[in-house]
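First up is the structure itself, then whatever we jot down about it.
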Amino acid sequence: MKPATKAKLISYVGATLVKLLCSTLRFRIHDPGGFLKMPHTVKMTGIFWHNTLFIIPWFYSRYMSRKDCPRHSKALTSASKDGEILAAFLERFDIGAIRGSSSRRGAVAMLEMVRTSEAGYDIAITPDGPRGPKYQLNPGVITLAQKAKIPVLAFGVFYSRFWALRGWDAFRIPKPFATVDIHMLPLEYIPDTDTPEAFEAQRARLEKMMREANHYATSKYHDAH
């Protein structure tokens, strides 16, 4: 079987299972910045930790890109064979892919993300992927936000019940009928910086915001119970 054919087959089966599982979940969305009420012309770079990736494509297509208010997006995926499968999977949710990472095609991928963002697309990134360290924000997100002049939207995700896979990030898959709390922080613009120290300060600030977003999502669930 050709690699492209194999990727399409795996993506079809995977997307079907994800959609079936997601149909059983209870979602609670916390959007204090009111992003979901904004016009679709307001673009963003969405960031979320790698181990919460499972739910994001379905959430985006179901809640953020409505038929009456469609959004267009592309996600950064690795240039590896696994990245090819992920790209085919995302296509099932009408999300395009930009292939690359910090170790492979990094400069090319950055240029493509900037151009794609300027063309009116949302960009989706797992800033601690594809290999970690877990919950450590890659500086490429800051570079993209500064070059493209597009705000960042950080997502925090908490599953009331889930399976944790073995791996560097303990990837999480929600169990059927679990409650999913999603906390969306207000849009955040990253200012330009003129020194390495200032750049690192922005990277650390955004990493802290992402950790807080996950904390908020977790606390919302416990507050309700």
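List, in the order given, every pair from LYS19/LYS208; LYS134/LYS175; LYS2/LYS43 whose Cα-Cα distance in the structure shown is over 29 Å.
Violating the 29 Å Cα-Cα cut-off are LYS19/LYS208; LYS2/LYS43.
Identify which of ARG28, ARG211, ARG166 has the largest mean-square fluctuation in a Gaussian network model of the chain, with springs joining Cα atoms closer than 10 Å.
ARG166
Using only helices, what value at 222 nm comes out for the chain when you add -39,500 (n - 2.57) per DSSP H run of length 4 or more and divide by the total residues, to the nearest 500 deg cm²/dmol?
The helix contribution divided over the chain gives -12000 deg cm²/dmol.
Filter the chain for me: DSSP H helices, axial length by Cα at least 24 angstrom, mean Kyte-Doolittle hydropathy not below 0.5. List them by residue number.
3-22
Measuring with a 1.4 Å probe in the full set of protein chains, what accessible area per residue, in whole Å², belongs to the chain?
Counting only protein heavy atoms, the per-residue value for the chain is 52 Å².
Report which label in (1) 19.4, 73; (2) 19.6, 62; (3) 16.8, 51 holds the value of Rg and Dmax of the Cα atoms in Å derived from the coordinates of this structure.
(3)
Could you check what % of the DSSP bridge pairs in the chain are antiparallel, to the nearest 5?
About 35 percent, rounded to the nearest 5.
May I ask you to derive the relative contact order of the range 117-208, considering only C-alpha pairs under 8 Å and at least 6 residues apart, and to give it as an integer percent?
Computed over the range 117-208, the figure is 31 percent.
Expressed as a whole percentage, what fraction of the accessible surface of the chain belongs to carbon and sulfur atoms when a 1.4 Å probe is rolled over the protein heavy atoms?
Answer for the chain: carbon and sulfur cover 57 percent of the accessible area.
The values are calculated or read from the model by the stated rules, or taken from the named source; none is laboratory data. No experiment lies behind these values; they were computed from the predicted model shown. Side chains are part of the model used for accessible areas, which takes the heavy atoms of the whole protein and leaves out ligands, DNA and RNA. Shrake-Rupley method; radii C 1.70, N 1.55, O 1.52, S 1.80 Å.
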